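All remarks here apply to the structure that follows.
What follows is calculated from the coordinates using simple rules that are stated; it is not laboratory data. Remember, it's a predicted structure, so these values are computed and weren't measured experimentally. Here the Cβ positions follow ideal geometry from the backbone for every residue, glycine too, while neighbour counts run over all protein chains shown.
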Amino acid sequence: MENSTNPDYTSLVSKYDFSELKESQEKELEINPLMIRFKESREIFKNDRFRPKFHYINPESTLNDPNGLCFWQGHWHLFYQAYPPEDPRQHWGHAVSSDLIHWRDLPYAIYPDPEECCFSGSTLVEKDRVIAMYHGTKVGNMIATSSDPLLLNWKKLGDGAVIPFPGPNDDAKYTVFDPCIWKKRGKYYSLSGGTLPNGPGHKQIRANFLLCSDNLIDWEYLHPFVENDLYTVVGDDGACPYFWPIGNKHMLLFFSHMSGGQYLIGDYEQDRDKLVVTNGGKFNFGPTSPAGIHAPSATPDGDGGIIVLFNMNPGLPTQGWDQIMSLPRKLQLGKEDELKIEPAGEIESLRYDHQHLENKKIQANQEMLLEDIEGNTLELNLEIDPKDANLVELNVLRSPNKEEFTRITFFKDRGYNYRFRVPNRTALNANSPLLKNIKSRQESVLTIDTSFSSILPDSLSRAPETAPVHLDDQETLNLRIFIDRSVLEVFINGKQCVSVRVYPGREDSLGISLNARGNDAKLIKLDAWKMKSIYE
């Protein structure tokens with residue numbers, strides 16, 4: 001509950017009012033002190049050896065959860081928890097992009113007061129405004145709106161939290177935490193993140209609580225939102241929720257403080273206001289720290305899919321900055337509710353100095369060094385036929401004598417063998433043997449092992465990040481790999497993505513090599529590009 005003495009949480013960061021016309025806003029931004037400060041800060045940090053060049057990062061200080069990703073008047077807007085140096089409480093930082101890749105810094109968007117800190121939330125784009133709903137610490141869930149061209153001016157609704165914390169004598173059936181917002185049949189709906197004590201031994205399990213409103217100010221609690229969730233585990237929670245349509249289904253993306261970014265896919269039964277889960281999965285494959293994926297921020301792409309990006313946790317202390325954003329990903333729904341994942345935005349615009357290889361045998365049990373292809377800001381596109389190899393291995397950020405390397409390994413058909421029943425609709429009853437038509441599907445596995453990525457004593461490696469991916473019988477392995485100083489992201493056949501932070505300590509850890517074990521494999525083709533900075 002808010003302290004009865006009503007402490008003053010007014011931010012110490014200078015706040016500016018901007019015009020309502022874009023041309024005037026641009027002129028005001030040219031001389032805005034925050035914009036000048038951000039530019040100077042980027043110049044100071046740009047040569048930090050671990051600071052990424054084409055992944056977005058706060059221009060000054062650190063960042064945390066991304067918030068409220070949206071598309072407004074022809075531009076993508078990214079908000080995030082920022083920590084201004086003169087008042088290091090969470091404010092909403094702000095950046096804008098026309099292509100999801102080149103981000104331009106804008107002044108802080110939402111400042112604390114009456115809340116102590118501006119925590120995570122989402123946005124809803126209406127015809128004439130953008131609504132931000134977020135968690136205000138010490139008070140509850142807040143609403144702010146903006147309607148100007150660059151979303152520079154924000155106004156909070158009401159006299160405080162629109163969904164306050166329940167009072168000490170209230171028999172509350174829900175928690176008030178990170179919210180998301182959408183609109184249905186003229187009403188606004190919001191999920192509040194949290195847990196229920198319904199797990200084994202009264203342990204917590206993930207929950208998201210549904211509320212609705214006619215006017216954004218007065219909210220009524222309805223019920224827990226999700227049914228048939230057999231994908232999250234005991235100990236998960238439902239922080240940072242985003243709920244959007246995808247294909248002919250709906251997706252709930254969220255963050256578990258125990259096990260990281262996740263998603264649930266299902267049917268949105270709008271008359272009951274319930275999400276009935278039919279599939280689910282993870283965006284990282286181990287604990288969120290160190291060096292793993294953290295929280296999502298997601299918005300519809302306008303074509304039946306979802307654009308999402310994440311903040312990524314560090315694995316090494318860095319002076320004056322901390323945490324980065326992943327590349328944006330485009331999520332689409334494939335057959336049988338399976339998720340398709342590709343890089344989003346115009347990432348190809350950063351490429352230069354192209355190199356190409358094709359039709360190379362990867363000889364069994366012999367490491368093949370790609371002598372003319374190296375670097376720590378690269379995109380690599382590979383197509384590999386694993387053939388009968390026990391595994392296929394790609395080493396990146398490799399020093400000449402292999403004191404440091406990061407190992408990407410593909411194990412074909414070495415994952416779980418999923419068995420499931422296919423119902424036969426001609427069956428007369430549930431006990432009919434016609435219902436017992438058993439099918440199976442063998443998964444493959446891709447692992448990123450950072451055990452030997454760094455010789456630095458304070459660089460923390462992760463246990464191998466191991467992700468499932470299914471390849472059809474005649475499907476080759478296609479990898480799209482992005483290396484950006486201290487971040488590695490691997491997209492696999494448009495079906496999976498694995499991302500980690502790495503911190504090579506040697507200046508010469510730039511090499512790339514291939515290997516196959518047991519039997520030969522084939523490199524069908526490889527394309528490599530060096531990558532430009534998104535800030536120049």
Report summary line: Within region 255-288, the count of residues that are closer than 25 Å to residue 489 by Cα, of a type in the set (Ser, Thr, Tyr) and surrounded by fewer than 17 Cβ atoms within 10 Å (Cβ to Cβ) comes to 0
Query raised in the report: Hey, any hits in region 312-319 for a residue that's under 16 Å from residue 53 (Cβ atoms) and outside any loop (DSSP other than H, G, I, E, B)?
Result: yes
Query - Long-range neighbours under 7 Å by Cβ, at least six apart or interchain, first residue under 14 Å from residue 216 (Cα atoms) and touching a residue at least 12 places away in the same chain (Cβ under 8 Å) within region 142-162, second part of a loop (DSSP other than H, G, I, E, B) and among the hydroxyl-bearing types (Ser, Thr, Tyr) - result: none
Report summary line: Quick count over region 122-144, residues being within 17 Å of residue 178 (Cα to Cα) and either outside any strand (DSSP E or B) or of a type in the set (Ser, Thr, Tyr) (or both), is 6
Requested in this report: Sort through 41, 11 and tell me the only one that's of a type in the set (Ser, Thr, Tyr) and either over 25 Å from residue 317 (Cβ atoms) or in contact with a helix residue (DSSP H, G or I) (Cβ under 9 Å, 6 or more places away or on another chain) (or both).
Outcome: 11
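Right, residue 388: surrounded by fewer than 18 Cβ atoms within 10 Å (Cβ to Cβ) and either touching a residue at least 60 places away in the same chain (Cβ under 8 Å) or of a type outside the set (Ser, Thr, Tyr) (or both) or not? Let's see the steps before the verdict.
Details: surrounded by fewer than 18 Cβ atoms within 10 Å (Cβ to Cβ): yes; either touching a residue at least 60 places away in the same chain (Cβ under 8 Å) or of a type outside the set (Ser, Thr, Tyr) (or both): yes.
Yes, satisfied.
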Report summary line: Of the conditions (1) over 30 Å from residue 83 (Cα atoms); (2) β-branched (Val, Ile, Thr); (3) crowded, with 20+ Cβ neighbours inside 10 Å, the single one that residue 233 does not satisfy is (3)
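Looking only at region 111-123, which residues are surrounded by 21 or more Cβ atoms within 10 Å (Cβ to Cβ) and in contact with a Gly (Cβ under 9 Å, 6 or more places away or on another chain)? Before you say what the answer is, go through the steps one by one.
As a first pass, look at region 111-123 and keep what is surrounded by 21 or more Cβ atoms within 10 Å (Cβ to Cβ): 111-112, 115, 118-123.
Those that are surrounded by 21 or more Cβ atoms within 10 Å (Cβ to Cβ) and in contact with a Gly (Cβ under 9 Å, 6 or more places away or on another chain): 112, 115, 118, 119, 120, 121, 122, 123.
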